[in-house]
Amino acid sequence: MTLDVLYKDEHLIAVNKPPGLLVHRSSIAKDVSMFALQLLRDQIGKPVYPAHRLDRKTSGILLFSLDKTSDSMMQQLFAARQTEKTYVAVLRGYAPLKGEIDYPLKKESGTMQNALTRFWTIATAEVALPSGKHQTSRYSLVRAVPETGRMHQLRRHFAHILHPIIGDRPHGCNKQNKLWKQTYNMDTMLLHASKLHFRHPVSGSDVTIEAPLHPEFNRAMSILKFQSSDHRAPSASIQI
């Protein structure tokens, strides 16, 4: 597998991680032999250091540093929330046009952490996919900005407001996930890290990196044929 490089300079490199690929080796996935870190290291022929993390099932921008000094500086930027990460996701149901989810999340240790997510609904769709007592299924395409960086924050926050991300397990809707698997042969989680903005730790210049959707997300977009919030613009003209 060759990773799609989105940005590269002498200090940093960003790739478009496909869904299902782990960032690095993990004790919870001992049977996995392919990781983004090792793939990219072998692809460019030099060590790389992950500046942040993406869930295995989440696709999109994954940033690495190319030396330990840059890595330390980027880690500090992320820790100080001096980066802005934007995601797109497909949710069950019609979500509010915009909103804030201010809901603390529990760490594995049991400690509660404050967590804040802002989101905007870009478009909605209704398809003839019976679910329970309903003859159709409704969906929302949203843009989300996590103001904090908690584990599975977007997944847990959208589940909290009863608009879970399609394809998410264990936080999502099992009925919808099963429908998508049976009807469309799709079990990809529809969450994508689409944009990353920060001030370069070495040059001081503004850096904005964008990642196109992966094929399965694009297939979902084609299935749903989203209409923008004013119901006039077809999915082909929707800007994510």
Exercise. Determine the sum of side-chain charges near MET1: Lys and Arg each +1, Asp and Glu each -1, restricted to other residues whose C-beta is under 14 angstrom from that of MET1.
Key: 0
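Exposure proxy check: HIS157, HIS11 ranked by fewest other beta carbons within 10 Å?
On the way: HIS157 26, HIS11 17.
Arranged by neighbour count, lowest to highest, HIS157, HIS11 become HIS11, HIS157.
Can you give the longest stretch of the chain with no exposed loop site, where a site means GluC sites (Glu not before Pro) in a DSSP loop (not H, G, I, E or B) with at most 12 other C-beta atoms within 10 Å? Please list the in-between numbers first.
On the way: sites that count: GLU10, GLU108.
Answer - 109-240.
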Quiz item: Label TYR103 and ALA128 with points 7 Å out from Cα along Cα→Cβ: what is the distance between them in nm?
Solution: 3.4
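Cross-link list LYS8/LYS181; LYS106/LYS195; LYS57/LYS106; LYS8/LYS225: which exceed 31 angstrom alpha carbon to alpha carbon? Kindly include the intermediate steps, with their values, before the conclusion.
Working: LYS8/LYS181 37 Å; LYS106/LYS195 27 Å; LYS57/LYS106 21 Å; LYS8/LYS225 34 Å.
From LYS8/LYS181; LYS106/LYS195; LYS57/LYS106; LYS8/LYS225, over 31 Å: LYS8/LYS181; LYS8/LYS225.
What does the net charge come to around THR58 if you take all other residues with beta carbon closer than 12 Å to its beta carbon, with K and R at +1 and D and E at -1? Each step should come with its number before you reach the end.
On the way: positive: LYS17, ARG53, ARG56, LYS57, LYS85, ARG155; negative: ASP55, ASP168.
My count for the surroundings of THR58 gives +4.
Listing ARG92, ARG56, ARG199 from the residue with the fewest other Cβ atoms within 10 Å to the one with the most, what is the order? Don't skip to the end; give the middle numbers.
Details: ARG92 23, ARG56 18, ARG199 12.
Neighbour counts put them in this order, fewest first: ARG199, ARG56, ARG92.
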Self-check item: Normalised contact order of the chain, rounded percent, pairs of Cα under 8 Å and 6 or more residues apart
Solution: 19
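For the pair GLU10 and VAL145, what calculated FRET efficiency results from E = 1/(1 + (r/R0)^6), where r is the Cβ-Cβ distance and R0 = 30 Å, to the nearest 0.05? Could the numbers behind the result be given before it?
Numbers: r = 29 Å, r/R0 = 0.97.
So the FRET efficiency works out to roughly 0.55.
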Self-check item: Charge dipole (region 4-237, unit charges on Cβ, about Cα centre) - positive-most of ALA79, SER194, SER131
Solution: SER131
Self-check item: Check: the chain dipole with +1 on Lys, Arg Cβ and -1 on Asp, Glu Cβ, in debye
Solution: 760
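Could you please report the charge total around LYS178, scoring K, R as +1 and D, E as -1 over all other residues with beta-carbon less than 14 angstrom from its beta-carbon?
On the way: positive: ARG92, ARG169, LYS175, LYS181; negative: ASP168, ASP187.
Within the 14 Å Cβ shell, the charges total +2.
The numbers here are math on the coordinates, done by the rules we state, and not lab data. Since the model is a prediction, treat every value here as computed from it, not as a measurement. Quick reminder, even Gly has a Cβ in these numbers, built from the backbone with ideal geometry, and neighbours come from all protein chains shown.
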